[in-house]
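The values are calculated or read from the model by the stated rules, or taken from the named source; none is laboratory data. Here the structure is a predicted model, which means the values were calculated and not measured. Cβ atoms come from the backbone with ideal geometry, glycine included; neighbour counts cover every protein chain shown.
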Amino acid sequence: MTENKSYLKGKSILVVDDEEDILETIEDILDDSTIHTARDYESASEKIKKNQYDLAILDIMGVNGLQLLEESVAKGIPTVMLTAHAVNPETLMTSIRNGAISYLPKESLADLDDLLNELLGAYERGEAPWKLLFDKLGDYFDKRFGADWKKDDTAFWDDFEGTFQIGRGIQERLKRDPNILNKF
């Protein structure tokens, strides 16, 4: 079921990828948002430091996306990892641990607007975007990684699945959320 409300309309979004065609595609897809782009780590890092974004979409390979993830989370920016070459359980778990709200394969670009709208909507409502992701793309991950791909890291996944609402990534974001910090 697709949500009727647009959580993307009018949002300021940073998109970082070293491939110009991917940046152009995402700009076309997210035409209701204000898109800022960067093709390398340095310019992306500078944009994160100087601007506040409603969402960041980061490639992992070629732009040091995992380092950018740490920087964007530290700034309180909800961040989605988008990758083709780093689609593996290790980078998925690292993305969760480091505070990303989602991890999408570039193969899902055709549905990017709908996926991002639902993920951002869940995030803004205080729901677990990761649960939504696994509900939507769980079969994709099982096919890509093998049906028993979580068995190698059962402690991580048992902890994660038992605490969607307070997972490590959410805890990392909460530690940096000025709305929460100002209450203490």
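Here are some notes:
- Positions within segment 54-81 being among the charged types (D, E, K, R) and either in contact (Cβ under 8 Å) with a residue 60 or more places away in the chain or in a loop (DSSP other than H, G, I, E, B) (or both), in sequence order: Asp54, Asp59, Lys75
- In segment 3-43, residue modelled with the lowest pLDDT [restricted to those that are in a loop (DSSP other than H, G, I, E, B) and among the acidic types (Asp, Glu)]: Glu3
- Among the candidates Ile101, Ile96, Ile60, residue that is in contact with a Phe, Trp or Tyr (Cβ under 7 Å, 6 or more places away or on another chain), farther than 19 Å from Leu8 by Cβ and buried (at least 19 other Cβ atoms within 10 Å of the Cβ): Ile96
- Complete set of residues in segment 114-142 that are buried (at least 19 other Cβ atoms within 10 Å of the Cβ) and either of a type in the set (Asp, Glu) or touching a Cys at 6+ places or on another chain (Cβ under 6 Å) (or both): Glu118
- Scanning segment 106-137 for residues that are more than 17 Å from Met81 (Cβ to Cβ), without any contact (Cβ under 8 Å) to a residue 24 or more places away in the chain and of a type outside the set (D, E, K, R) gives Ala110, Gly126.
- Residues that are buried (at least 17 other Cβ atoms within 10 Å of the Cβ) and of a type in the set (Val, Ile, Thr) were ranked within segment 17-57; the one that is farthest from Ser108 (Cα to Cα) is Ile48.
- Taken over segment 82-103, the residue count meeting the criterion of being more than 15 Å from Ile29 (Cα to Cα) and either under 10 Å from the mean Cα position of the chain (by Cα) or not in a loop (DSSP other than H, G, I, E, B) (or both) is 15.
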